[in-house]
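The values are calculated or read from the model by the stated rules, or taken from the named source; none is laboratory data. Note that this is a predicted model, so its numbers are computed, not measured. Here Cβ is always computed from backbone atoms with ideal geometry, including for glycine, and neighbour counts include all displayed protein chains. SASA here: full protein model, heavy atoms, side chains in, ligands and nucleic acids out. Shrake-Rupley method; radii C 1.70, N 1.55, O 1.52, S 1.80 Å.
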Amino acid sequence: MEHHQRANAFLHCSSTAVYKPMGHHVFKEDDQLGDNHAVWPFLRTYSICKIAAEATARWAARRFELPTAIARLSVPYGDRGGWPAIHLEMMINEAHSGAHRRPSVYHPLHEDDIIGMVPGLLESANLPATHGQLGGDDPVSIEEWCGTSPS
């Protein structure tokens with residue numbers, strides 16, 4: 001952001017992984033933040049890093065007077081993968097997905113739709129930085145996209 005401080009606006013892509021786990025709950029923008037990914041051995045610091053990155057974006061927006069929008073992406077996916085594809089790969093390789101340890105309701109969003117929303121997100125950039133959730137229309141849980149049920 002320092003390098004591009006003369007830009008008209010800045011977009012920081014975050015994640016709904018910033019929210020405290022709350023069971024099969026549809027996250028709201030003002031829900032409590034927390035470590036949502038600590039149970040995943042390969043993602044132990046993901047949530048905490050996303051929370052820190054949002055704080056850094058808010059700080060830099062003030063520091064450089066750069067209008068900023070923070071988009072908390074629900075579950076991005078595309079032709080090259082995403083969270084559902086990672087779970088499919090884990091199931092194929094008979095690795096435990098941990099799906100039931102941190103269940104939540106997500107709203108998958110294709111990468112093409114995300115790209116299409118960038119101009120509007122940049123238009124929503126403000127000082128102080130604004131944040132909002134970005135997801136598709138259809139709510140789904142990890143159990144549903146994995147075809148399993150809670151144990």
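Work out the FRET efficiency for Arg6 and Asp113 from their Cβ-Cβ distance, taking R0 = 35 Å, and round it to the nearest 0.05.
On the way: r = 29 Å, r/R0 = 0.84.
Once the sixth-power term is evaluated, E becomes 0.75.
With +1 on each Lys and Arg Cβ and -1 on each Asp and Glu Cβ, and nothing else charged, work out how big the dipole of the chain is about its Cα centre, in Debye to the nearest 20.
Using only the charged Cβ atoms, the result is roughly 660 debye.
In degrees, nearest 10, range 0 to 90: what is the angle between the Cα axis of helix 46-64 and the longest Cα principal axis of the chain?
Helix 46-64 sits roughly 10 degrees off the main axis of the chain.
Please give the per residue volume of the convex hull enclosing the alpha carbon atoms of segment 1-80, rounded to a whole number of Å³.
Given the Cα convex hull of segment 1-80, per-residue volume reads 131 Å³.
Which percent of the accessible area of the chain is formed by carbon and sulfur heavy atoms (probe 1.4 angstrom)?
The value for the chain is 53 percent carbon and sulfur by accessible area.
Which far-off residues, 5 or more places away or on another chain, put their amide H under 5 Å from the one on Ser104, with H placed in the peptide plane?
Ile142
Which percentage, to the nearest 5, of the DSSP beta bridges contained in the chain is antiparallel?
Here the antiparallel bridges make up roughly 30 percent for the chain.
Under a plain spin-label model, where a point goes 7 Å from the Cα along Cα-to-Cβ, how far apart in nm are Lys20 and Asn126?
Between Lys20 and Asn126, the simple spin-label model gives 2.6 nm.
Rounded to the nearest 10 degrees, what's the angle between the helix 111-123 long axis and the longest principal axis of the chain, both from Cα atoms, 0 to 90?
In the chain, helix 111-123 runs at an angle near 30 degrees to the longest axis.
List the GluC sites (Glu not before Pro) within segment 47-98 that DSSP assigns to loop and that have no more than 14 neighbouring Cβ atoms inside 10 Å.
Listed in order of number, the matching sites are Glu65, Glu94.
Among the trypsin sites (Lys or Arg not before Pro) within segment 29-100, which fall in a DSSP loop and have no more than 16 other Cβ atoms within 10 Å of their own Cβ?
Arg44, Arg80
Compare Phe42, Phe27 by solvent-accessible area with a 1.4 Å probe and give them largest first, with all protein chains kept in place.
Largest accessible area first, the residues go Phe42, Phe27.
Could you tally the net charge around Ala55, taking each other residue with its Cβ under 13 Å from the Cβ of Ala55, Lys/Arg +1 and Asp/Glu -1?
Result for the neighbourhood of Ala55: +3.
In the calculated pair distance distribution of segment 15-151, what percentage of Cα-Cα distances lie above 20 Å?
The share of Cα pairs beyond 20 Å in segment 15-151 comes to 50 percent.
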